[in-house]
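The next block holds one structure in the form of structure tokens; read it before the comments.
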Amino acid sequence: MKQPGVLELRPARLPRARAPVVLLGGIDIVRALGLAGIPAIIASLERDTPAMASRYCAGTIALPPGAGRDAIVETLVRAGRWLALEYGAPVPLFYDNDDRLALVQDYRAALEAHFALLLNHPPLADALLDKARFQRLAEAYALPVPRRIDWQALDEEPGPVLVKPKTRTGWERSAVRAQLFGGVGKARLFACGPQARDDRLVSQLAPELTFQEYVPGDDTSIWSFHGFAAPGGQVLEWFIGRKIRTYPALTGESSYLRLARDADLERLGREIAARLRLAGVFKMDFKRHAASGRFYLLEINTRFNLWHHLGAKNGVNLPRVAYEYLRFARRPSHVPARLVYRWVSFHYDRLAAREAKLGVARWLWSLVQAPKVYAIFSWRDPAPFVRYWRGRLKQRLRRLWHSTAS
């Protein structure tokens, strides 16, 4: 069978003895796979992403921009069919955001025929992508989630209220993100229910929002339980994460992260996975109540994410666990994660430090406490960083040219 034209391989990085992963994702997953010696073929609508410059990228699949989901899946199927013939079995397909996860779940029948996948049962999978449906699911299973507040009951809510989007698919183009959240963050905090209800944007966007009680605590109160589960919910490998800073504070993007240990959270996370009968990779986000110490479950994401690079550097490589389970049905022996490396995004953490009024000296001191992995930069893999800044420079020069020309 002829190699599809959309598939461009780099033979020197693609050993015959090691089947690749096809990745709908970015640099943190590429590097986690690279640490395990697993080649990654990046499938993307873009043609020049930083991840494609990585020493661990063994090829690319050119997805058709603007052609719709059917055409994207058809392109993936053509590449997957050829790779399965080349390697004697379907290769794994990984994905790292809600849009990519939704695509894989919606087209599972077509993709499962040509890729190694482990997805949750459709009703559960769909509920985990929609926060309103997840809230109802969690209540039905008596999971420890924050109390839901209906739109009609907001006027009677005296305490702080957290406003979140019902779904984060199409997030980059979302009116909730652009207007209500000002283009940054994942939620918005209001001092009380009436304040939220009286907000013009909240009223306008209410059908796209969900409301819940706010769990008190700063960024360090946000914990996460990361794992990979066999069908039926048995957690095969795991680690625990804890945030140091986010931007904006309390509701924003991760900027500085570390791993942690907590026996109670480990027990709770494993119990939830078993109760829901989760399958495959997952991340459970929790917040620990500042006064009671109780863990509240915020959401469950069943996709690969930036934490996996940090986990891999600390000895628990969940992408490798997923790969070996999907390729060879191997079940790992648990190895406790080290608490050595931390993860930082300089872009977001600089803003987080400024928001917290840390000052340059205190901020830099907080960063030198431990060795780090970075959102883009790596001494061992510098090309993505160079490509990223080359792209930023081109954008700035283009804007400057347009402004002077006008």
For the structure I just gave you, tell me whether T210 is farther than 21 Å from A290 by Cβ and part of a strand (DSSP E or B).
yes
Starting from residues that are of a type in the set (V, I, T) and in a loop (DSSP other than H, G, I, E, B), keep the ones in the range 121-167 and report whichever is most open to solvent (accessible area, probe 1.4 Å).
T167
Could we say that W389 is in a helix (DSSP H, G or I) and surrounded by fewer than 18 Cβ atoms within 10 Å (Cβ to Cβ) here?
yes
All but one of (1) under 30 Å from L119 (Cβ atoms); (2) surrounded by fewer than 16 Cβ atoms within 10 Å (Cβ to Cβ); (3) not hydroxyl-bearing (S, T, Y) hold for A178; state the number of the condition that does not hold.
(1)
Of residues in the range 371-386 being surrounded by 13 or more Cβ atoms within 10 Å (Cβ to Cβ) and of a type in the set (F, W, Y), the one farthest from the chain's Cα centre (by Cα):
F385
Within the range 45-61, does at least one residue satisfy the condition of being within 18 Å of N97 (Cα to Cα), buried (at least 17 other Cβ atoms within 10 Å of the Cβ) and of a type in the set (G, A, S)?
yes
Working only within the range 224-234, note down all residues that are surrounded by fewer than 21 Cβ atoms within 10 Å (Cβ to Cβ) and either at negative phi or of a type in the set (D, E) (or both).
A230, P231, Q234
Would a scan of the range 255-272 turn up a residue that is touching a residue at least 60 places away in the same chain (Cβ under 8 Å), open to solvent by less than 10 Å² (accessible area, probe 1.4 Å) and on the phi > 0 side of the Ramachandran plot?
no
Looking at the range 171-220, which of the residues that are closer than 19 Å to R147 by Cβ and hydroxyl-bearing (S, T, Y) is nearest to the chain's Cα centre (by Cα)?
T210
I'm checking my understanding of the structure. Among residues of the range 281-328 that are within 16 Å of the chain's Cα centre (by Cα) and among the charged types (D, E, K, R), which one is surrounded by the fewest Cβ atoms within 10 Å (Cβ to Cβ)?
D285
Of the residues that make up the range 351-360, is at least one more than 21 Å from the chain's Cα centre (by Cα) and over 21 Å from G185 (Cβ atoms)?
yes
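The values are calculated or read from the model by the stated rules, or taken from the named source; none is laboratory data. Just so it is clear, the model here is predicted, and its values are computed rather than measured. All Cβ positions, even for glycine, are placed from backbone atoms using ideal geometry, and neighbour counts span all protein chains on display. Surface areas here come from the heavy atoms of the whole protein model, side chains and all, with no ligands, DNA or RNA. Shrake-Rupley method; radii C 1.70, N 1.55, O 1.52, S 1.80 Å.
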